[in-house]
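Visitor: Below you will find the structure I want to go over with you.
Any read-out appearing in this document is the output of simple, stated calculations on the displayed coordinates, not a laboratory observation. As the structure is a computational prediction, the values presented were derived from the model and not from experiment. Cβ: placed from backbone, ideal geometry, glycine included. Neighbour counts: every protein chain shown.
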Amino acid sequence: MSFISNDIIIDKYLRKDMLPTIFCTGCGIGSVMNFSLRAIHDLNIDMNKTVFVSGIGCSSRVPGYIYSDGLHSLHGRAIAYATGVKLANPELKVIVFTGDGDCGAIGGNHFLHAIRRNVDITVISINNFIYGMTGGQVAPTTPLKSKTTTTPYGNIEYPIDLSMTAKVIGAPYVARWTTAHPVQCINSIKKALQKTGFSFVEVLSPCPTSYGRLNKMGTALDLTKHFKESTINIKLYEKMLAEGKTTDKMVIGELVDIEKEDFNTKYKRFCGELK
Amino acid sequence: MTNDVIRLLGKKNLFIQGDDAVVYGALIADCRFFAGYPITPATEVAEGMALWMPRLGGVYVQMEDEIASIAAVIGASCTGVKSMTATSGPGFSLMQECIGYSCMAEIPCVIVNVQRGGPSTGQPTEAAQGDVMQAMWGTHGDHQIIALAPKSVQETLDLTIEAFNLSEDYRVPVILLLDAEIGHMREKVVLPEIINVKVDDRVPATIGPDKYRPYRTGFTRTSKVPEFAPFGSGYRTYVTGLTHDKRGFPVTTSAEVHEELVRRLVEKVQDDMDIIWYHEDSFLEDAEIIVVSYGTTARPAVSAVKMARKNGIKVGHIRLITIWPFHYEKMKEVLKNAHTVIVPEMNLGQMVHPIREAVGKNTKVISAPKIGGAIHTPYDILKFIEGDKN
Ligand SMILES: Cc1ncc(C[n+]2csc(CCOP(=O)(O)OP(=O)(O)O)c2C)c(N)n1
Ligand code: SF4
Ligand SMILES: [Mg+2]
């Protein structure tokens, strides 16, 4: 784990002429960007050979601030664009930033199929449980009963669990943390970046401007505290299960870490066999 | 590369269908990435690419839908690899948002639309020319794409190569508009002599990464097309579909930045209209009636014009090969001596509109539509010519 200063991160990795960011005060997206860059720094990843891809949304603005190649695609399409980049040039490291709506609603199908194909990309999904950019409408991740501008009487739809979906479809690396878990989060992003195949890191992140305000949940700090309280570490959870107990809390931690041959490796091997 | 392809294909003379001609044209043009989703009558393009890409060091991938297909094609093209997808009406509709992205971010790509009867799922196996307006105006906002319409299998191969060249030259999506008739029709095709094949590549960045601006034009040439630095080349470019400045950074509320960008996107193509406006004509000298056709419809149109000439009618023919951009000036010029213009189309009248606009009120412009799948017979068109000889 690196304990280098923010100044070094800013100096080495950010496009200074793009700053300041569009993120609201207290927004968690900046933290996730910070965690990601620290992971990249620790792994000494070549930024000349790294492409950040995103869709549309507050979370999808992250690549704009990073000094590397960046592809700010369309709402929901980040993973499909990233698939093209990675398949066309396997030497590039491809990292996707996507919101919970971008990844789970409009882009849900690309999410499933990139996992199925096991495309060698790392997807970092910033889950703020709402559509931040458009002013706080219901997202596929919004908890039951939560208020959003389009669920003024409370949400009646069951939310999707992005990480569990990734696990079920067969992603070789899946982890979920909150912005209140910087160390764990950085470690998981590092593992994700080192994994060959589809790796997924979901970070629960406060959107005080919309989710917090509409649900009267207080400041960003209160929201972070709420995330911490409403989640349970996988190790504890498994212990509970063994004891025959259950919980409504969202499971966090490292959820999958297996080896699985990725698309590019398979494709290259099969092309070689044709010759 | 091109040499390898022609050698691999073996024979020089082939008897193939239009969809296969697209594949061979793409291989010769150095296309090395194909992403698609099966749909009649374009599936054979995907099947051909699935066969050839792995043998030529390229990538074939069947995506989960057409949106993913064009998205992957654009992503691949960002790395500098020439990329293509092929579809038909329903898939073409799904691709529209990404086609706009390709226009806005200036990422070259070739989209083949083997047209079938619509709207909706319509007539999967029947030919149509119903997507002509959609090709130009299917995506939102002001923009300019290029669309080409071949009339034979040979021309399908040649225009596929040209589609890639234009896409690379202008950094725009180029749409190759086939229809089910040509897509599935078998004809003799002669592969081009290697020496005669012109394969263009997008102009690379010629200035160092410190001075390079992804959307600044005029570094080395006067063209309005910016120079390209592929992902991974160390130039660290940011590509966005938002309105952006010359650095590629989003600037979304400035009227000046938006107008300058969007005007350039349109003008970079339209400024070269004289160069990219491909067409063919016959019997125009003394023509009082002119038939304007494109694609498959040109075949019966030519026959009809010849038959009418035999009957002593002063009729000429012009075939649009480049259907977008539409060359208003040239069309006005070419059609100025005709009192009547007849536009046979396998739709209820689409290309007839810009033609009407080009000639003005003093010329009669008649739409000769045919829908349902069968192509016009020469008599279908002759009827309109004869009906109007006085
Ligand atoms: C095709 C399309 N539909 C809708 C929108 C409007 N839109 C922009 S961002 C967004 C939701 C963003 O939510 P999320 O993905 O969760 O990202 P966040 O802003 O919360 O980080 C929507 C609906 C769009 N840009 N494109
Ligand atoms: S709206 Fe919410 S998610 Fe978007 S920047 Fe503001 S706090 Fe962050
Ligand atoms: Mg969100």
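Visitor: Over chain B, what is the relative contact order in whole percent, taking alpha-carbon pairs under 8 Å and six or more residues apart?
Guide: Values: 858 pairs, mean separation 60.8, N = 390.
Result for chain B is 16 percent.
Visitor: Sequence-distant or interchain residues sharing an amide H contact under 5 Å with residue A:150, placed H: which?
Guide: Answer set, sorted by chain and number: A:138.
Visitor: In straight Cα distance, which lysines are under 26 Å from residue A:249, not counting same-chain residues fewer than 8 positions off?
Guide: Excluding near neighbours in sequence, the set is A:145, A:147, A:167, A:190, A:191, A:216, A:225, A:228, A:235, A:239.
Visitor: Any chance you could check the Cα centroid distance between region B:29-76 and region A:7-43 for me, in angstrom?
Guide: Cα centroid of region B:29-76 versus Cα centroid of region A:7-43: 36 Å apart.
Visitor: Would you mind putting B:12-23, B:289-300 in packing order, based on average other-beta-carbon counts within 10 Å, highest first?
Guide: With the highest mean Cβ count within 10 Å placed first, the list reads B:289-300, B:12-23.
Visitor: Determine the distance separating the Cα centre of region B:239-292 from the Cα centre of region B:100-176; give it in Å without decimals.
Guide: Distance between centres, Cα-based: 15 Å.
Visitor: Please determine, in degrees from 0 to 90 and to the nearest 10, the orientation of helix A:78-88 with respect to the longest principal axis defined by the Cα atoms of chain A, where the helix direction is its Cα long axis.
Guide: Computed tilt is about 10 degrees.
Visitor: Considering every Cα-Cα pair within chain A, what fraction, in whole percent, is farther apart than 29 Å?
Guide: Distances greater than 29 Å cover 29 percent of the Cα pairs.
Visitor: To continue, here is another question. For region B:152-269, what is the convex hull volume of its Cα atoms per residue in Å³?
Guide: Working: hull volume 17.8 nm³, N = 118.
Output value, Cα hull per residue: 151 Å³.
Visitor: Quick one: of B:306/B:332; B:332/B:364; B:188/B:370; A:275/B:188, which pairs are farther than 18 Å apart, Cα to Cα?
Guide: B:306/B:332; B:188/B:370; A:275/B:188, as the Cα separations exceed 18 Å there.
Visitor: While we're looking at this one, here's another question. Estimate the FRET efficiency between residue A:225 and residue A:258 by the formula 1/(1 + (r/R0)^6), using the beta-carbon distance for r and 35 Å for R0, to the nearest 0.05.
Guide: E(calc), rounded to 0.05, equals 0.60.
Visitor: Rg and Dmax in Å for chain B, alpha carbons only: what are they?
Guide: Cα radius of gyration and Dmax of chain B are 21.1, 69 Å respectively.
Visitor: How compact and how long is the protein assembly as shown, expressed as Rg and Dmax of its alpha-carbon atoms in Å?
Guide: 27.4, 97
Visitor: On to the next question. Before rounding to the nearest 500, sum -39500 (n - 2.57) across all DSSP H runs of length at least 4 in the protein assembly as shown and divide by the residue total; then give [θ] at 222 nm in deg cm²/dmol.
Guide: Using -39500 (n - 2.57) per qualifying helix, the result is -11000 deg cm²/dmol.
Visitor: Now for a different question. Show me B:146-159, A:179-192 ranked by packing, highest mean number of other Cβ atoms within 10 Å first.
Guide: So the order, starting with the most tightly packed, is B:146-159, A:179-192.
Visitor: Still on this structure, please answer the following. Would you kindly derive the ³J(HN,Hα) couplings of region B:281-287 from the backbone phi angles with the Karplus curve 6.51 cos²θ - 1.76 cosθ + 1.60 (θ = phi - 60°), listing them in order in whole Hz, with x for Gly and Pro?
Guide: 3J(HN,Hα) across region B:281-287, in whole Hz: 9, 8, 6, 7, 2, 10, 5.
Visitor: Helix A:182-194: angle to the longest alpha-carbon principal axis of chain A, degrees 0 to 90, nearest 10?
Guide: Approximately 30 degrees, to the nearest 10.
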